[in-house]
Amino acid sequence: MKVVALVGPSGTGKSHHAFTVARKYNTDLIIDDGLLIQGARVIAGFSAKRESTKLKAVRRAIFSDPAHCREVKNKIREIDPDSILVLGTSREMISRITAALELPEPEEVVTITSVATPAEIFKARQIRRQQGKHVIPAPTLEIKRYFSGYLLDPLKIFARKGKSIIPVEEKSVVRPTFSYMGRYTISDTAITSIIAYEAARVEGIVKAGRIDIESRFDGIIVHMDVFIEYGKPIREVLREVQERVVKQLEYMTALNVISINVTASKIIVKKETLMQKNI
């Protein structure tokens, strides 16, 4: 197996240029900050950017945790790639990662200064320092479950082909918990309030009843009861509640909604309906 290393200080844009280096050296897999990435998919690992402190993040990135290391190592053996790209802040860090994962020492070492201009490196450092943002070389849709509740933004790269502009790759921008910008938390009360409000906006829903939130590592599961107006098509109304709540809740909170289970617990006959029947 051929190992290629991409080396550069923290915040200089290694993850941003990872796909470019991977294409140039035709590497099958990328190891970046504790994640094992194949193409546009995260296939194993745990992101160091989810850790609460910088020290924990470093330990995660060099695979100090036995279970984490074993998972990634087994996945690499299963795939048996011809080549792999490893990202690190120094050659020493690269050596620690390859030793932990039982990989060969790098045949090629690429420095960030050889793939990024001084202006690009300066801008990357400025964004990291001022905004606490990190790039992950995988699409936002792919890593969403790994960063439920985190501030995520898609980063799409386009290229001109003739007269057309086409997307060539997508990455993600995340602000980790160890960022000095401060912590970002959402109370269960706020979440249930959003759910109840959005459900009530669906035509045919009188109001939301009981709402239970089940929190998991990769997101939340919502169980809720609703009161439906008599005469409305129950299945269609419940489906619309699901779609609306998921869309708005994910947009407003950045939480990954694994599933939402909606139960019509009551059928409500409105006064207007009774009056019309009496007439």
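Every number here is computed from the coordinates shown, using simple stated rules; none is lab data. In this text the structure is predicted, and so the values were computed from the model without any measurement.
A few points about this structure:
- Across K24/K247; K24/K75; K24/K56; K73/K123, pairs whose alpha-carbon gap is larger than 30 Å: K24/K247; K24/K56; K73/K123
- With q set to 0.14, 0.22, 0.27 Å⁻¹, the log10 of I(q)/I(0) for region 8-78, from the Debye formula over equal scatterers at the Cα positions, is -0.45, -1.03, -1.28.
- Across the alpha-carbon atoms of region 26-136, the computed radius of gyration and Dmax are 14.3, 41 angstrom.
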